[in-house]
Structures are given as structure tokens and as C-alpha cells.
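Quick notes on the structure that follows.
A short reminder: the numbers here are calculations on the coordinates, not readings from a lab. This is a predicted model, so every value here is computed, not measured. Using ideal geometry, Cβ is built from the backbone for each residue, glycine included, and neighbour counts are taken over all protein chains shown.
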Amino acid sequence: MTETEMAKRAAEELPNWAWGLLASPDGKPLRYEGATVMAADRCVGEVDNGILRFHLAQEPPAVQYYRTIGGAHFHERSTIPFAMSALDTPVYHDYLREFIPDSRDSLLVDVGGGDGRNAVPLLQKGFERVVVMDAAAAALFRFRARVLAENPQWLDRLVLIECDARAMPLASDSADWVMAIESLYYLNEDYEQGLAECYRIMRPRARLLLADRSYEGALLTRLLYYGGVTAMLETADTGEMWDGEGHQRVRTRCFSREELDALVADRGFEIIEWGGISAFSLLLSFLSKLDRLGSYSEAQMAAVHRLLIGLSRSGCVNRCHVVIAAKTVAAV
């Protein structure tokens, strides 16, 4: 196969509908040339085994860390009973069922979607245009491999992009629905830039499903997992969340409800609903590691999921905030 034929084949691995929506991070239209993706006369990325990989700017340290370990591995962790991923995923999927658009032709974008735990329900429901972005290409490759093995017909409806959440390669006013589930807080000081990019790519009145770590959730996480009372008080004093210990410490941002409310509103979103991910998922996961949940805990998982889904709307102490917001018609 010649280089031209190989390039054509690589380009064809992206659905045709994608090229009308994609744009370089600075807004220029894209074209495929040779083995690269070009914007004007500049190479900005390439298609690599069906994944559009943009050249990444310098990433925040937290994002760099997750790139080195191949992403958050939510799919693998969601199969472990009482892991937080196993507890939280049904709650997030309940939010999806309530707030996704009716039209199956809507453009749905998952920012930081990695291994596809929240994109799979969208594909199962028959949505025709789903875009998953992540800074960790390894997670996207794992997701694509699973789709290719189990549901290859989905590849016509799915675009996977390695990119920087601060410069998303989609045209402005193109997305009907965006979710950023526990992804933007890894940007730390650049959080507002990631939120602004979500706003930019959304159509007027499009909806955003946003989930970010709460201040109280950060305090509890550090108390239980990362250093006890001393670490909890450190976060209380500095407002900074640190996952891990020793050389593996990773800083991420956390928010009070008032702080996140102000950030979302200032960006130009109209907040439709507030919810959360209950801190009980954190406690259950911690107690599971200590083998303190009792002999029949795994048999009660369905009831636990129902409880956590209920607490996501009515609970008072959340590990993460969940915000449903609409893009206002007037730009900010």
C-alpha cells in the first residue's frame, strides 16, 4: 500500500460527519494531507489508528500524571465492587437519562471522557454523533479497542480525540450537549479556560452536565486516604486538594457550592439544577478496603445504587458537585 493510500485509509477511519465539525484549536478549518492533519499551512495533528491526535500544549501537572498512567481507568475500576467508580457510574448514568437531548442527531461531546464509561450509554441509546475528548490517548485507544471488538458499528457514530481541554478542536456553536465529568478540576488555575471552551463549542441553549470535586469532599478524601487529620487541615488552610502521597502527589482544584455557582454563572450559563455525588460513595469505598462492610454487602449493590441515586438529588454532603446548566443566548 502506498503512502497516499495509507493516508486515505487513515482518514476514512474517522466518520465523514466529523470533518465538518472539527476545527483547529485556533479556529482554522482542518484538512488531511499526507499522514498529518493540517490547519492552513501548519501541522496540528494526525489520525492514529482511528484517533485524532492533536499536538498538545504544556499540560498542568495533574493532567501530565494521568497521561503517564494511561488515564483514570474508570472502566476497569467500575468492575470492582464498592470501588468509587462502581458506585458513582450508575449515578452519573441516571443524570444522563434525565438530561440528554431527545434528538438522536444531536452532537454530544464528552470532555475528559477517557475510556468511555459515560459515552457508552449514549451509543447504546442510538445517538448518531458522539465525540469523546481526552488528554490521555492510551485511554482512548483502550475504548476504541473495546468498541471494535464488541460493537464495531458504533465507530460510524463515534469520534475520539486526544486534545487539550483548554483548546478543544471543535467549531464554535456546534455541540448540542456537553458533559465534563470530573475532568476540568485537573486544570487547576486554568479551570476557567476549560469551562470557557465548553461554553464556546456549545450552541445557544445547549446543555452542560458538569461535575467537579467539592471542598468538603476534598477534606474527607484527604482525611481518609491521604494523610489523616494533618492533611485534612492542610487542605482546609490552603483550599488545595492533593491526591496521593510522597512523589505521587497530584494537585487538583476543589470548590464550595457558592464558588462553583459563581464561576458557572459568570461564564454565561443559566443553572437549571444542582445535584451531587454523595460522600457515601467515598466512605463505602474506604470501608470496603478495610473489609468493614459486612458479609452480604456485594449482594446489596442494587439497593446501594438506588440509595446513592436518591442522595444525588437530596443529600447534603457531596463528594462532587453536579451542575446542569444551559448556555445563554447572549455571549459573555
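Using the alpha-carbon atoms, what tilt in degrees (0 to 90, nearest 10) does helix 3-12 show relative to the longest principal axis of the chain?
Around 50 degrees separate the two axes.
Hey, what's the Cα Rg ratio for the range 165-263 versus the globular rule of thumb, 2.2 N^0.38 Å?
1.22
Can you tell me how the range 189-332 classifies by the Cα gyration tensor, rounded, prolate or oblate, using a/c under 1.5 as the rounded cut? All intermediate terms of the calculation are to be shown ahead of the outcome.
Details: a/c = 2.68, a/b = 1.44, b/c = 1.86.
It comes out oblate by the Cα gyration axes.
Out of residues 5 or more away from Ala206 or on other chains, whose amide H comes under 5 Å of its own, with H placed 1.01 Å from N in the peptide plane?
Sorted by chain and number, the residues that satisfy this are Lys327.
Mind telling me which of Glu76, Glu216, Glu46 comes out most flexible in a GNM of the chain, alpha-carbon contacts under 10 Å?
Maximum among the listed residues: Glu76.
Could you work out the pair-distance distribution P(r) of the range 77-163 from its alpha-carbon pairs, with 10 angstrom bin width and percents rounded to whole numbers?
Taking all Cα pairs of the range 77-163, the binned fractions are 17, 49, 32, 2 percent.
Restricting to DSSP loop positions (anything but H, G, I, E, B) with no more than 13 other Cβ atoms inside 10 Å of their own Cβ, which chymotrypsin sites (Phe, Trp or Tyr not before Pro) remain in the range 133-233?
Filter output for the range 133-233: empty list.
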